[in-house]
Every structure is written in C-alpha cells, then in structure tokens.
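> I have a structure here, written as structure tokens, and I will follow up with some questions on it.
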Amino acid sequence: MELAAQGQMTCAPNPPVGCIIWRDGKVLGRGFHQRAGAGHAEVNALRSVEGGARNATVFVSLEPCSFVGRTPACARTLIDAGVARVVVAAVDPNPKVAGSGIRLLREAGIAVDVLELDSAKEQIQGFTQRIMRQRPWVRIKTATSLDGSVALANGKSQWVTGSAARADVQYWRARSDAIVTGVGSVIADDPLLTVRDPAFAHALAPLRVVLDSYGRTPSGAQILQGNAPTLLIHQQGYGDSELASGAHIQQLHLPDGPRDVLGVLTELAQQGCNEVLIEAGPAVVGSFFAAGLWDEWIAYVAPKLLGADSRSVADVLVTHLPDAPQARLVQTAQIGDDLRLTLRR
Ligand SMILES: NC(=O)c1ccc[n+]([C@@H]2O[C@H](COP(=O)([O-])OP(=O)(O)OC[C@H]3O[C@@H](n4cnc5c(N)ncnc54)[C@H](OP(=O)(O)O)[C@@H]3O)[C@@H](O)[C@H]2O)c1
C-alpha cells in the first residue's frame, strides 16, 4: 500500500496499486501503477526482478486484472511468470474484474489468499465510488473561525486560517482529480485553485470546476489562467464571450444548471474523476450538504471569533435538530495554530 500511494496523484482514472515480489525471505522486486495506460503494478514489479519470478509470492494491494485493456491482463502475466502464490489485499470492485482475476489465478493452480483489508479498500475508495455509484468521492474543505464562520458580513474572508493550514490544503488539492468552486468565491476571492507546493510537482493538475449558472465568471479571473484545465458548468452559457477561447477551458451546459449537484458529480465521474475537492463558499458547500452528496469533510478551525453578523460555513436550513447534516469525527490534528478535523458521513 505504501508503494501504491506513490501513484495516488498520477494514476487516475485508475486506482492506485502497489506490488511486491518475494521469495525465500527476500524482496525480489517492487512496482506501482504510475499512470493510466502505463504498466500496472504487477508488470512493473515483475520487470524489476532479475532472473525471473518462478515460485515467488506476489503481494498486491488490489486484485490483478483479468481483462486485456490498454495493457495485458495482469493475472495472465503472473501465470506466465510461474509464480506460486498471490496475496491480494482487496478484491477489485470493477464489475469487469470482481473476482475473475483471482479465479484465473486459482484455475492455473496458483494459491491465492484474499485479505480484504479495510486499509486497502480505503486507498481505492474514490475509484470504488466512481465505478459502483457513478460519482466521485466528495471531500468538502472548509476554513472557519471557532464560531463556524467563513467570512465577515462584508464578504472579507482572506485569511481565516493560518499559513500552515493553507499549506496543508495543497495535499488535498494534489490528490484530487477536480476542485469544485462556485462563481461567488471566484468573484469574491479570485482564487487560482492550483497545486503550487513543489512536494507535489509530480501530481496531475486537478481540473478546476466553476459552478456558474449564468456565465458571471469574469474573463480576467485567475481560475481561467495558470497551468491547469478549467471546466465552467452553466445553464445559460457564456455566449460569444472571450472565455470560450482558451484551449484549456471547457464549457458544459447542464439542462438544470449546476444547481443539479448530482448532475455535476455524474459528469465529473464520466470525465474519470475518482476524488473531488469542494473548495467553495457557503452556497455551494450548503448545496452538497443539503443533497447528502458528500463523503468526507476536512474542516480547518481557527481559534478566533468572527461574530454574529459573519457568514456561516454552509447555507443549510435546519428547522429540526434530527434533520441537521451530521458528521462522524475520524481524526483531529493541530496544523500550526489551527485545528484540522477529518469527518465522514
Ligand atoms: N473560508 C472558506 O473556506 C471559504 C472558501 C470559499 C469562499 N469563501 C467565502 O465565501 C464567500 C462567497 O460565498 P458564496 O456562497 O457566494 O460562494 P460560492 O458558494 O462559491 O458561490 C455561490 C454561487 O455559485 C453559484 N452556484 C452554481 N451552482 C450552485 C450550487 N449547486 N449551489 C449553490 N450555488 C451554486 C450561484 O450563482 P449562480 O446562481 O449565478 O450560478 C451562487 O450564488 C466569500 O466571502 C468568500 O470569501 C470562504
């Protein structure tokens, strides 16, 4: 799984996978899946073995594939290599595989152990969600004061949290396939929404998505510039505006507009996004909470108060306590002077 993690920011729309080839108490080779269309983890691991893998044990974080795609079937490659045993951390949820890789190996006389580890399933959760539910893993990021506000009444919000928390956000951006914001944030803050931390220079640039029903994104907005693609999702279009001209800018018309958050997520899944990060203002964040279309919430909390006239983190109308969107706390960490809460549905 540590090997798999090395491909986490580059392998979409495929899942991250790592593989070790082992014999007589020694690691003979290792590999991970770096990029869609390039070698799978098993193939890369086999390539790194000197003198062949006959009778070796293969440890792999995801079931070897059984179909010929852009690369040959990994189960067949392992059979041809003459390995004796395969230890699989998780079964592939993809209906094109879903146990058939394991079956192929067993039919060839190879011993297969299936561990079904929670940690291995967790590592591919974005891929699993896209394949099984046709929508990406949705991670909402917010930065608030201790009283749950993102901005003053006058809209000023830069910066509620400190520089360490802002630097930490770079990791979540880098592992996302898309970053979704609303036109309100684009107009108020003019964010670039790119990955700038050199530690993640290898990451594929996430698609920047602006939910903008009526084409209000200013033509000079930073989100239309920089080294990353941008998708503008609208209902009424941008007409002949100069926004249409940039090669890295796509426009998408949704019949019900971007208020249809399920439609937005379905489109992003079709574009191969496994994980998306919502970095938006209260209106868009509120829409995802209200629709129940979220999986994880990374909440940065600064030890300060913005007061009664400030804007709450999410525009959600709650009249009965039992109806309040509810999260489960899974981790806390101190990041600089702020707190980072990791919450799940
Ligand atoms: N601290 C933080 O974490 C943080 C992060 C981002 C922004 N902010 C602050 O938030 C404030 C802006 O708030 P905001 O609520 O206007 O920003 P927003 O949520 O980013 O954008 C809201 C706008 O997006 C459009 N929209 C399109 N699809 C939508 C959907 N499904 N749900 C909701 N809106 C949708 C709507 O305009 P149309 O009807 O024209 O499409 C709406 O007015 C600023 O003060 C900014 O500084 C804070």
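What follows is calculated from the coordinates using simple rules that are stated; it is not laboratory data. Since the model is a prediction, treat every value here as computed from it, not as a measurement. Here the Cβ positions follow ideal geometry from the backbone for every residue, glycine too, while neighbour counts run over all protein chains shown.
> Count the lysine pairs in the chain whose Cα atoms lie under 25 Å apart, taking only pairs 8 or more positions apart in sequence or on different chains. Please list the in-between numbers first.
Numbers: Lys96/Lys121; Lys121/Lys141; Lys141/Lys156; Lys141/Lys304; Lys156/Lys304.
Count of close lysine pairs: 5.
> May I ask you to list the trypsin sites (Lys or Arg not before Pro) in region 124-202 that are in a DSSP loop and have at most 14 other Cβ atoms within 10 Å of their Cβ?
Sites meeting the loop and neighbour criteria: Lys156, Arg196.
> Given only helices, namely DSSP H runs of n ≥ 4 each adding -39500 (n - 2.57), what is the per-residue ellipticity at 222 nm of the chain, to the nearest 500 deg cm²/dmol?
On the way: 10 runs with 81 residues, N = 345.
Here the helix-only value at 222 nm equals -6500 deg cm²/dmol.
> While we're on this one: Where both partners of a DSSP beta bridge lie in region 2-124, what percent of those bridges are antiparallel, to the nearest 5?
Details: 10 of 18 bridges.
In region 2-124, approximately 55 percent of DSSP beta bridges are antiparallel ones.
> Now a separate question. What list do you get for Ser185, Ser312, Ser219 if you sort them by fewest beta carbons within 10 Å? Could you put the intermediate results ahead of the total?
Working: Ser185 24, Ser312 16, Ser219 11.
Ranking Ser185, Ser312, Ser219 by Cβ neighbours within 10 Å, fewest first, gives Ser219, Ser312, Ser185.
> Then there is this: In Å and whole numbers, how far do the C-alpha atoms of the chain stretch along each principal axis, longest first?
69, 46, 40
> Further question on the same structure: Tell me, Kirkwood radius of region 2-124 from alpha-carbon pair distances, in Å?
On the way: mean 1/r = 0.0718 Å⁻¹.
Evaluated over region 2-124, this radius sits at 13.9 Å.
> On to the next question. Between Val87 and Asp256, what is the FRET efficiency for a Förster distance of 51 Å, r being their Cβ-Cβ separation, to the nearest 0.05?
On the way: r = 47 Å, r/R0 = 0.92.
The pair Val87/Asp256 has a calculated efficiency of 0.60.
> Here is a further query. Springs between alpha-carbon atoms under 10 Å, Gaussian network over the chain: tell me which of Val97, Val68, Val276 tops the mean-square fluctuations.
Top of the fluctuation ranking is Val68.
> Moving on. Dipole of the chain (Lys/Arg Cβ +1, Asp/Glu Cβ -1, origin at the Cα centre): which of Ser163, Ile110, Gln222 lies farthest to the positive side?
The residue sitting farthest along the positive end of the dipole is Ile110.
> Counting other C-beta atoms within 10 Å, which of Trp22, Trp159 has the fewest, and how do the rest follow? Mind dumping the intermediate values first?
Details: Trp22 19, Trp159 11.
Ranking Trp22, Trp159 by Cβ neighbours within 10 Å, fewest first, gives Trp159, Trp22.
> At 0.692 mPa s and 37 °C, plugging the Kirkwood radius over alpha-carbon pairs of region 79-145 into Stokes-Einstein gives what diffusion coefficient in µm²/s?
Numbers: Rh = 14.0 Å.
It comes out at roughly 234 µm²/s.
> Over all directions, the average projected area of the alpha-carbon convex hull for region 108-185 comes to how many nm²? Please list the in-between numbers first.
Values: hull surface 35.9 nm².
Projected area, direction-averaged: 9.0 nm².
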